[in-house]
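**Student:** After the structure tokens below, expect a handful of questions from me.
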Amino acid sequence: MAQLADAQENDEKIRIRDLNDTFRSSGQGGRILMTSGVQALSTIDQSEVFQKIRLFDDFKEANDPYGEHDFGSIEHKGEKIFFKIDYYDRDLKNHSENPADPLKTARVMTVMLACEY
């Protein structure tokens, strides 16, 4: 019984990771928010930041302890920038009851300068 529960939990984690990777790399499947610091960057710099986020694949235990690929840190012109994906219900009022189910989950990625954290 415990093995079945572990297998289901692992399947959910893989599904969440895959949904997050698709969202992060394509912008499809959620909403993207920028803090005022990122909005203040030039259009070219914003484009370069989002390209780096799309290509980001440096997930490891230190920055991805749950294996969901929901957080990362990049450098752009000497500035550290974070991105974080959160899971909400479809009404954006509460956390999602099941982040592995895209029909029940609205993904929101916030992109911020590290100094704004």
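The values are calculated or read from the model by the stated rules, or taken from the named source; none is laboratory data. Computed from a predicted model, the values in this text were never measured in an experiment. Cβ: placed from backbone, ideal geometry, glycine included. Neighbour counts: every protein chain shown.
**Student:** Output the residues belonging to the stretch 27-69 that are of a type in the set (Ser, Thr, Tyr) and closer than 24 Å to residue 88 by Cα.
**Tutor:** Once the filter is applied, which keeps residues that are of a type in the set (Ser, Thr, Tyr) and closer than 24 Å to residue 88 by Cα, the stretch 27-69 yields 35, 36, 66.
**Student:** So if I check each of 74, 81, 16, which one is of a type outside the set (Phe, Trp, Tyr), modelled with pLDDT of 95 or more and in contact with a Pro (Cβ under 8 Å, 6 or more places away or on another chain)?
**Tutor:** 16
**Student:** Please work out which residue is farthest from the chain's Cα centre (by Cα), limiting yourself to the stretch 61-114 and to residues that are more than 20 Å from residue 28 (Cα to Cα) and acidic (Asp, Glu).
**Tutor:** Looking at the filtered set, the residue picked out is 79.
**Student:** For residue 39, which of the numbered conditions (1) under 19 Å from residue 107 (Cβ atoms); (2) without any contact (Cβ under 8 Å) to a residue 24 or more places away in the chain; (3) polar (S, T, N, Q) fails to hold?
**Tutor:** The number of the failed condition is (1).
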